[in-house]
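The values are calculated or read from the model by the stated rules, or taken from the named source; none is laboratory data. Owing to the predicted nature of the structure, the values given are computational and were not obtained by experimental measurement. Reconstructed Cβ throughout: ideal geometry from the backbone, glycine too, with neighbour counts over all protein chains shown.
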Amino acid sequence: MMRLRLALSGILAAVAGIAAGHLVAGFLAPASSPVLAIGSTVIDLTPTPVKEWAIATFGTNDKLILQGSVLVVTLVLAAVAGLLARRRLPVAVGFIVLLTGLAGAAALLRPAARPLDALPSLAAMAAGVATLVWLARLAATSAATSAGARAGHEADSSSDTDAEPRKGEGSVTGRRRFLGAALGVTAVSVLAAVGGQLRSGAQTIKKVVLPAAADKAKALPTGLETKVSGISPLRTPTEKFYRVDTNLTVPKVDVDSWTLEVGGMVDKPFTLTFAELAAMPLIERDITMTCVSNEVGGGYIGAARWLGVRLTDVLDKAGIKGNPDQVLSTAVDGFTISTPLGVVRDGRDAMIAIGMNGAQLTDTHGFPARLITPGLYGFVGATKWLTKLTLTTYAADQSYWTKRQWATDAPIKTSARIDTPAPLSTIQAGMTAIGGVAWAQHRGVGKVEVKIDDGAWQETKLGPDVGIDYWRQWYLPWDAKPGLHRISVRATDLKGQAQITARATPFPSGSSGIQEVVVTVA
Ligand SMILES: Nc1nc2c(c(=O)[nH]1)N[C@H]1C(S)=C(S)[C@@H](COP(=O)(O)O)O[C@H]1N2
Ligand SMILES: [Mo]
């Protein structure tokens with residue numbers, strides 16, 4: 001029983017520390033909360049294959065699972081500290097100091113950390129140590145009294161507690177006192193954690209006024225979604241747009257103090273405020289983004305209307321000096337992306353976007369400004385929460401993912417996805433439609449073909465053309481006969497190049513292969 005109470009003392013010390021840290025972080029910087037700081041460091045240190053496995057296995061739940069794991073490991077270690085607390089209190093205290101110290105170091109070693117980011121971990125340290133000392137003492141006292149109640153003064157002669165073993169009610173009183181303290185710590189911790197969460201959630205981004213585009217996009221045509229049910233809409237609503245980043249908390253950037261710095265191998269480095277950036281000529285473009293982690297048939301793809309400043313306009317303002325070959329972009333949290341300068345300057349609509357689907361960027365999609373590079377996977381051209389552009393060389397500087405052996409130049413591979421019928425679904429026999437989307441950004445989709453069972457590849461009907469940087473909807477009417485059927489799809493770009501049929505994993509330059517779904521027709 002005493003062991004249990006000691007272990008519980010350790011666990012509650014950790015809970016109190018984590019909660020205190022979370023509360024303080026809520027007021028200072030949400031990302032510096034101890035569990036989040038450790039979690040972010042774990043994300044950065046995780047070897048690429050493990051990261052890919054986690055994304056493939058857990059999908060967008062990967063971050064929740066990671067934080068859960070950090071929490072569980074911490075609680076287990078804290079339970080050990082609790083067990084040590086009776087005979088070796090200094091060691092147990094040292095253990096808690098070490099754990100919270102690690103969290104503090106993790107917070108301070110984040111790329112864009114400020115000294116203040118250590119405060120939440122210091123609060124965790126204080127709350128953790130105080131709780132441990134207090135509860136462990138109560139646990140030992142209650143145990144000593146209960147041992148005393150059972151066996152009188154012979155009980156546990158090595159006990160290092162000075163409590164007087166009493167007869168009768170003593171054990172019950174001691175246990176009650178411990179239980180009361182444990183419940184108290186739990187209640188206060190829950191309040192602190194919830195408070196911290198509410199406080200960080202209350203941070204919002206400001207509303208900004210976006211000028212109209214000087215160079216507007218054509219009105220979006222009506223998509224196939226009006227006639228093929230279950231097909232992805234021609235434009236992805238912002239709230240349905242996939243989100244991929246390394247952040248455990250979404251940066252809420254203060255637009256008034258935000259700046260975009262342009263430097264490196266340039267003649268005239270300069271800095272722009274948001275108003276100055278937004279005052280430059282704006283273009284509006286329909287562009288489909290894809291994540292390199294998207295598996296064949298996956299959902300890490302979205303199509304939106306972007307409003308922004310041409311990246312070349314900004315670079316030309318600075319004037320390129322020497323022979324840089326990459327644009328290194330940095331986010332407010334220090335995350336970096338390399339984009340090949342040759343790609344940026346080949347005439348495509350690479351831009352610093354400030355608007356998405358007719359509104360300012362949302363916090364999750366990079367407010368106040370992000371890069372969009374048509375034709376390249378997001379990890380080489382779509383930096384969110386952008387704050388710095390540096391012209392440099394691949395030889396001199398490497399970015400977050402290239403340091404982790406991902407490709408440097410990563411054009412999006414041609415692919416097609418079946419949206420309807422859904423994999424492994426059961427549908428009614430009779431006339432229906434097979435439909436989905438296909439993409440070959442910056443080359444354009446030429447045709448999409450479908451194969452049913454062992455039949456021939458049949459050309460599908462394509463939806464409206466929104467340009468080579470955008471995806472294309474497609475469908476094929478199908479008279480479905482009862483039974484189990486296999487449906488495959490393949491896309492070919494406008495140059496006649498069919499998508500790669502060989503299966504490849506997302507690492508290091510994007511997945512390939514033909515999607516095949518199985519459906520039951522009843
Ligand atoms: N600052 C920052 N920008 C980032 C990332 C990131 O982790 N941090 N991830 C990139 C990746 S891998 C992709 S696919 C796109 C996703 O953009 P979205 O979340 O708006 O869809 O953002 C890119 N920009
Ligand atoms: Mo990505």
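Evaluated against (1) surrounded by fewer than 17 Cβ atoms within 10 Å (Cβ to Cβ); (2) more than 16 Å from ligand 2 (Cβ to nearest atom), E449 falls short on exactly one condition, (1).
Checked against the criteria, R305 counts as among the basic types (K, R) and within 15 Å of ligand 1 (Cβ to nearest atom). Listed conditions (1) at pLDDT below 95; (2) away from ligand 2 (no atom under 16 Å from the Cβ) are all met by G230, apart from (1). Screening the candidates R490, R404, R472, R486 for the property of being closer than 21 Å to I287 by Cβ and either modelled with pLDDT of 95 or more or surrounded by fewer than 17 Cβ atoms within 10 Å (Cβ to Cβ) (or both) yields one hit, R472.
Against the condition modelled with pLDDT under 95, more than 17 Å from R137 (Cβ to Cβ) and not in a helix (DSSP H, G or I), how does G168 come out, does it pass?
Values: modelled with pLDDT under 95: yes; more than 17 Å from R137 (Cβ to Cβ): yes; not in a helix (DSSP H, G or I): yes.
It is true that G168 is modelled with pLDDT under 95, more than 17 Å from R137 (Cβ to Cβ) and not in a helix (DSSP H, G or I).
Which of the following residues is within 14 Å of ligand 1 (Cβ to nearest atom), in contact with a Ser or Thr (Cβ under 9 Å, 6 or more places away or on another chain), at pLDDT 95 or above and not small (G, A, S): Y394, Y377?
Working: Y394 fails: within 14 Å of ligand 1 (Cβ to nearest atom).
None of the other options fit; the residue is Y377.
Here is a check on your reading of the model: is T392 touching a residue at least 40 places away in the same chain (Cβ under 8 Å), polar (S, T, N, Q), under 20 Å from D286 (Cβ atoms) and assigned by TED's automatic domain parsing to the domain that holds A318? Quick ask: steps written out before the conclusion?
Numbers: touching a residue at least 40 places away in the same chain (Cβ under 8 Å): yes; polar (S, T, N, Q): yes; under 20 Å from D286 (Cβ atoms): no; assigned by TED's automatic domain parsing to the domain that holds A318: yes.
Criteria not met by T392.
Count of the stretch 244-279 residues, restricted to those that are within 27 Å of R417 (Cβ to Cβ) and in contact with a helix residue (DSSP H, G or I) (Cβ under 7 Å, 6 or more places away or on another chain), is 2.
Collect the residues in the stretch 280-300 that are within 16 Å of ligand 1 (Cβ to nearest atom) and closer than 26 Å to L220 by Cβ, keeping them in residue-number order. Within the stretch 280-300, R285, D286, I287, T288, M289, T290, C291, N294, G298, G299, Y300 qualify.
Look at L277 and say whether it is more than 26 Å from K413 (Cα to Cα), more than 11 Å from ligand 1 (Cβ to nearest atom) and in contact (Cβ under 8 Å) with a residue 60 or more places away in the chain. Answer is yes for this residue. Taken together, the residues in the stretch 244-269 that are touching a Gly at 6+ places or on another chain (Cβ under 8 Å) and not acidic (D, E) amount to 6. Of the listed requirements (1) free of Cβ contacts under 8 Å to residues at least 40 places away in the same chain; (2) near ligand 1 (Cβ under 10 Å from one of its atoms); (3) not acidic (D, E), G342 misses just one: (2). Within the stretch 353-407, the residues that satisfy the criterion of being closer than 22 Å to L307 by Cβ, among the polar types (S, T, N, Q) and more than 16 Å from ligand 2 (Cβ to nearest atom) are N357, Q360, T362, T387.
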